[in-house]
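The values are calculated or read from the model by the stated rules, or taken from the named source; none is laboratory data. Since we're looking at a predicted model, the values are computed, not measured. Positions of Cβ are backbone-derived with ideal geometry, glycine not excepted, and every protein chain shown enters the neighbour counts. For the accessible areas, the whole protein counts, side chains as well, though only heavy atoms, and no ligand, DNA or RNA atoms are used. Shrake-Rupley method; radii C 1.70, N 1.55, O 1.52, S 1.80 Å.
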Amino acid sequence: MTCNPEWRYRLIMIKPSSLAAFAEQKLDALRDAALDRHLHPTARGAGMTARRHGQDLISFSDNDYLGLSTDPRLIEAAVDATRRYGAGAGASRLVSGDHPLYARLEARLAAFKGTEDAVVFGSGYLANIGSVPVFVGREDLIVIDEWAHACLHSGARLAQSRCLRFPHNDMHSLDHLLATHRRDHRHALIITDGVFSMDGDQAPLAELTALAQKHQGC
Ligand SMILES: Cc1ncc(COP(=O)(O)O)c(C=O)c1O
């Protein structure tokens, strides 16, 4: 791992009191903007239930849609795999952590989805910040639904493309943005969620596809 020595020096030079003041200042700004967030310890119960603050609740706020996280067959398989292969890859995939099981999993996923290939990521967030910069770069344009998940906005930032937001599911605004800006860029990428996780509504994929085709290579 490389580390900028100047950086290390600067970090050591911050006095604890100034770090605390810096943290307080940041937290105050978040509170003022109603953007401060807190963790709420929540134990998973059976089925759709969860226990939080001493109460048993029905959870409508998870993505364990099929209850797989508590399925005895999966638990057994995970315990068995841990015994056989260990509790972690032990290294990044690009170095020496590319266990042959990944290739087997990815081949099966690709066959299931009917695609040429597949790549697995450690989480949904990582998948989106990892994949958006693959498609576009500095010379390109991203047009993104303003309500797309935060990880897609993070991926767009990492890609360093010019990034324009369109109002949620507003195809007229998207069309206008593409008509105005598409020609100034090498490639353009339209980003949206399929199903929006906070509200449950869907993106009009057929209309989005038609707009992508209309502005293709303009
Ligand atoms: C639409 C959407 N994308 C991405 C994510 C991030 O997924 P993960 O929690 O696996 O990082 C979530 C998480 O809730 C999501 O709802």
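Roll a 1.4 Å probe over the protein heavy atoms and report the accessible area of C163 in Å², nearest 10.
Estimated to the nearest 10 Å², C163 gives 60 Å².
Can you give the relative contact order of the range 168-218 as a percent, counting alpha carbon pairs under 8 Å and 6+ residues apart?
Working: 25 pairs, mean separation 21.6, N = 51.
Relative contact order here is 42 percent.
Using just the helices of the chain, give the 222 nm mean residue ellipticity in deg cm²/dmol: DSSP H runs with n ≥ 4 each add -39,500 (n - 2.57), and the total is spread over all residues, rounded to 500.
Theoretical 222 nm ellipticity from helices: -14000 deg cm²/dmol.
Before anything else, pin down the relative contact order of the chain: Cα pairs under 8 Å, at least 6 apart, normalised by residue count, whole percent.
11
Quick one: work out Rg over Rh on the C-alpha atoms of the range 68-113, Rh as Kirkwood radius. Could you put the intermediate results ahead of the total?
On the way: Rg = 12.6 Å, Rh = 12.2 Å.
Result: Rg/Rh = 1.03.
For the range 68-113, what % of the accessible area comes from carbon and sulfur atoms, probe 1.4 Å?
Working: 2400 of 3890 Å².
So the carbon and sulfur contribution to the accessible surface is 62 percent.
Report, as a whole number in µm² per second, the diffusion coefficient that Stokes-Einstein gives for the chain at 4 °C and 1.567 mPa s using the Kirkwood radius over alpha carbon pairs.
59
What does the charge count around H185 come to, taking other residues whose C-beta lies under 11 Å from its C-beta (Lys +1, Arg +1, Asp -1, Glu -1)?
Within the 11 Å Cβ shell, the charges total +2.
Per residue, how many Å² of accessible area does the chain show with a 1.4 Å probe?
76
Quick one: among G54, G67, G194, which has the greatest mean-square fluctuation in a GNM of the chain with alpha-carbon springs under 10 angstrom?
Result: G54 has the largest fluctuation of those listed.
In a shell of Cβ-Cβ distance under 15 Å around A107, excluding A107 itself, what net charge do Lys and Arg (+1) and Asp and Glu (-1) give?
Working: positive: R104, R108, K113; negative: D98, E106, E116, D117.
Surrounding charge for A107 is -1.
By its C-alpha gyration tensor, with a ≥ b ≥ c as the square roots of the eigenvalues, how is the range 124-214 shaped: rounded for a/c under 1.5, else prolate for a/b larger than b/c, else oblate?
Oblate.
From the protein chains alone at 1.4 Å, what is the descending order of accessible area for L19, L30, L39, largest first?
Largest accessible area first, the list is L39, L19, L30.
May I ask you to rank V136, V195 by accessible area, largest first, using a 1.4 Å probe over the protein chains only?
V195, V136
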